[in-house]
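All remarks here apply to the structure that follows.
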Amino acid sequence: MRVPVVGHGTLRRRALRRRVLWSCGELLVTVGVVLLLLVVHQMWWTNRQARHGAAREVRALEREWGAQGTPGPAGPSGGTAAGGGDGGGKPRFPARERGAGATGTVAAVPRRSQAYAVLFVPRLGLRVPVAEGVGKRDVLDKGYAGHYQGTQQPGQAGNFALAGHRNTHGEPFRYINRLRPGDTVRVETAAAVFTYVVDRTLPRTSARDGGVIGPVPRSTVRPAYGYTEPGYYITLTTCTPEYTSTYRLVVWGKLRSMKPR
């Protein structure tokens with residue numbers, strides 16, 4: 001009977017193959033763990049961190065304003081919005097609250113990245129700071145709503161336009177697609193509480209559709225969506241579909257009332 005002879009070269013090649021397979025397995029496991037940690041960081045940690053930071057900022061603003069908790073519902077102040085049509089008419093406010101083109105809003109333009117207002121959406125249980133600008137690192141990634149520079153301030157004639165993350169970093173605008181006509185959106189500042197009423201939604205448009213945040217908001221990509229007359233508007237924008245930044249989801253509302261603090 002012949003006994004097979006295994007040479008040292010064959011043994012070395014087998015050992016080398018085992019080491020390569022073992023190393024590849026370890027590498028795949030390591031990559032999988034790293035990817036899992038990245039997902040956990042993005043989907044859980046950034047949300048936790050941003051939400052806690054945003055809540056602290058809301059409390060800081062309320063302390064600064066001398067507020068004791070959440071203000072009561074914003075009711076009419078010298079009357080509610082008058083008239084109808086696309087623009088919603090011109091809201092009537094007490095004469096002492098009128099400023100140069102403003103209705104009781106902040107006197108000066110906030111500094112870039114400065115948190116200066118609070119956005120409250122009752123249907124979503126959302127309460128987050130509003131900061132000037134839409135920079136990712138210094139505004140949106142903090143879980144804030146960012147004010148598009150160049151658009152109007154709360155209560156001013158024109159369009160008060162905001163952006164917010166839909167996923168990760170607090171994802172404050174994740175569920176704005178659930179807003180329906182008639183839902184209220186409140187913006188609280190040091191001077192007043194402004195109540196807007198949701199009026200229209202644009203489910204999807206291009207990320208470059210600047211018309212949706214214009215003074216008279218109207219989509220340049222889908223012109224059937226938007227308004228044709230001047231008014232007092234609020235615009236909420238976020239990415240869509242979820243977990244992408246391909247398109248934009250837009251929610252519009254009209255100013256109904258202002259209550260001085």
Self-check item: For segment 190-206, 3J(HN,Hα) per residue [Karplus equation, 6.51 cos²θ - 1.76 cosθ + 1.60, θ = phi - 60°, Hz, x = Gly/Pro]
Solution: 5, 9, 6, 10, 9, 10, 9, 10, 4, 10, 8, 9, 10, x, 7, 8, 5
Quiz item: Around residue 126, which amide H atoms from residues at least 5 apart in sequence, or from another chain, sit under 5 Å from its own amide H, with H modelled in the peptide plane?
Solution: 121
Quiz item: So between residue 12 and residue 123, what do we pick up on full extension, going 0.36 nm a residue minus the alpha carbon distance?
Solution: 33.1 nm
Quiz prompt | Within segment 195-240, chymotrypsin sites (Phe, Trp or Tyr not before Pro) in DSSP loop having at most 12 other beta-carbon neighbours inside 10 Å | solution = none
Quiz item: Among 160, 120, what is the fewest-to-most ranking by other Cβ atoms within 10 Å?
Solution: 120, 160
Quiz item: So how do 163-175, 201-213 stack up, highest first, on mean other-Cβ count within 10 Å?
Solution: 163-175, 201-213
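No value in this document is a laboratory result; all are computed from the given coordinates. In this text the structure is predicted, and so the values were computed from the model without any measurement. Cβ sites come from the backbone with ideal geometry, for glycine too, and all protein chains shown count toward neighbours.
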